[in-house]
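The values are calculated or read from the model by the stated rules, or taken from the named source; none is laboratory data. Treat the numbers as computed from the prediction; the structure is a model and nothing was measured. Note that each Cβ is placed from the backbone with ideal geometry, even for glycine, and that neighbours are counted across all protein chains shown.
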Amino acid sequence: MRTTSAISTRRGRTLNGPILHAFFLPFMIADISHKGQRYRIALNDPIDLSLPLDPDAPGPLAWYAGAPRMEPVRDGAMVYAVAHGAAVNFRDVHFNPHAHGTHTEGVGHITHAVHPVGDVLTRYFFTAQLLSVSPEVQRYKDGLTDQVITLQQLQAGLGGTRPEALVLRTLPNDYTKRTRIWSGQNPAYIEGVAAAWLRTIGIRHLLIDTPSVDRESDDGVLSAHHAFWDHPANTDLERTITEMIFVPNEVHDGDYLLELQLPRFMNDAAPSRPVLYALLPHE
């Protein structure tokens with residue numbers, strides 16, 4: 001990856017050079033070559049899709065979990081918090097990746113062996129498509145009204161595009177998703193045949209703004225998870241699913257470069273920070 005310093009006028013014209021002017025904005029441009037294609041992105045203009053893990057916020061929460069906790073370590077009368085006279089803040093963090101915000105999971109989420117998601121990624125930038133979908137209303141066998149992302153919707157939305165990552169924004173989209181209590185709300189999900197099709201066209205990383213790609217209560221079938229990872233027939237250890245993202249309305253559907261970062265948790269899932277970069281035209 002090659003980076004170059006540049007400045008931009010308010011009209012978006014790029015001028016290479018060291019001179020800055022009051023109405024010019026400095027930024028960092030990266031030219032990236034990947035699979036024979038060249039991409040140009042502005043590294044200082046990221047679109048963060050992650051939700052913060054905040055014990056003081058009302059949410060987001062899912063799967064009937066309580067709020068996350070961040071508490072200072074205590075040793076007898078000693079409380080390891082600067083406010084209590086300690087030299088440093090030293091806190092224990094209690095949370096569940098699946099329930100408390102943006103997280104990425106690997107196939108270890110549904111296998112006997114907990115294949116650690118922290119070992120899945122060997123690179124962190126991927127071609128991506130952002131697609132907004134109005135889930136189809138369907139009646140489920142338990143009588144509830146479901147919102148389902150169907151195969152036909154994904155085929156129509158992607159057309160002939162074959163990105164490495166697909167980012168799904170469900171409609172309607174509003175900022176209450178950032179702090180929503182999802183438990184018992186029967187959120188939108190992806191039908192199994194649609195997830196299977198995404199696998200067959202080469203989608204490696206699937207991102208969605210609900211707590212799960214599957215129905216909240218499906219008797220443990222998890223058809224979309226199983227289909228996307230092709231488990232147990234031909235289990236794929238390298239694909240990931242990221243859930244509980246948030247895509248602001250001002251971000252337009254289309255092609256992006258995705259940066260997917262997560263801590264190296266030896267667990268089936270980990271909190272993550274997916275970031276989109278808009279593709280800039282080459283000059």
Filter region 135-175 down to the residues that are hydroxyl-bearing (Ser, Thr, Tyr) and surrounded by 13 or more Cβ atoms within 10 Å (Cβ to Cβ), then identify the one that is nearest to residue 192 (Cα to Cα).
150
Being outside any loop (DSSP other than H, G, I, E, B) and surrounded by fewer than 13 Cβ atoms within 10 Å (Cβ to Cβ) is the filter here; which residues of region 24-59 pass it?
26, 33, 37, 38
Looking only at region 273-282, decide whether some residue is over 21 Å from residue 42 (Cα atoms) and not charged (D, E, K, R).
no
Of the residues 216, 259, 250, which is more than 26 Å from residue 63 (Cα to Cα) and either in contact with a Phe, Trp or Tyr (Cβ under 8 Å, 6 or more places away or on another chain) or assigned to a strand (DSSP E or B) (or both)?
259
Checklist (1) in the same structural domain as residue 240 (by TED's automatic domain parsing); (2) out of contact with any Ser or Thr (no Cβ under 8 Å at 6 or more places or on another chain); (3) surrounded by fewer than 19 Cβ atoms within 10 Å (Cβ to Cβ); (4) not in a loop (DSSP other than H, G, I, E, B) applied to residue 112, failing item:
(4)
Go through the residues of region 203-224 one by one and say whether even a single one is free of Cβ contacts under 8 Å to residues at least 60 places away in the same chain, more than 30 Å from residue 67 (Cα to Cα) and not hydrophobic (A, V, I, L, M, F, W, C).
no
Please determine whether any residue of region 192-199 is in contact (Cβ under 8 Å) with a residue 24 or more places away in the chain and part of a loop (DSSP other than H, G, I, E, B).
no
Subset of region 115-125 (residues that are surrounded by 19 or more Cβ atoms within 10 Å (Cβ to Cβ) and outside any loop (DSSP other than H, G, I, E, B)):
117, 125
Which of the residues that make up region 248-283 are farther than 26 Å from residue 94 by Cα and either free of Cβ contacts under 8 Å to residues at least 12 places away in the same chain or of a type in the set (A, V, I, L, M, F, W, C) (or both)?
250, 251, 257, 258, 276, 278, 279, 280
Kindly evaluate residue 223 against the criterion of being assigned by TED's automatic domain parsing to the domain that holds residue 168, closer than 20 Å to residue 106 by Cβ and among the polar types (S, T, N, Q).
yes
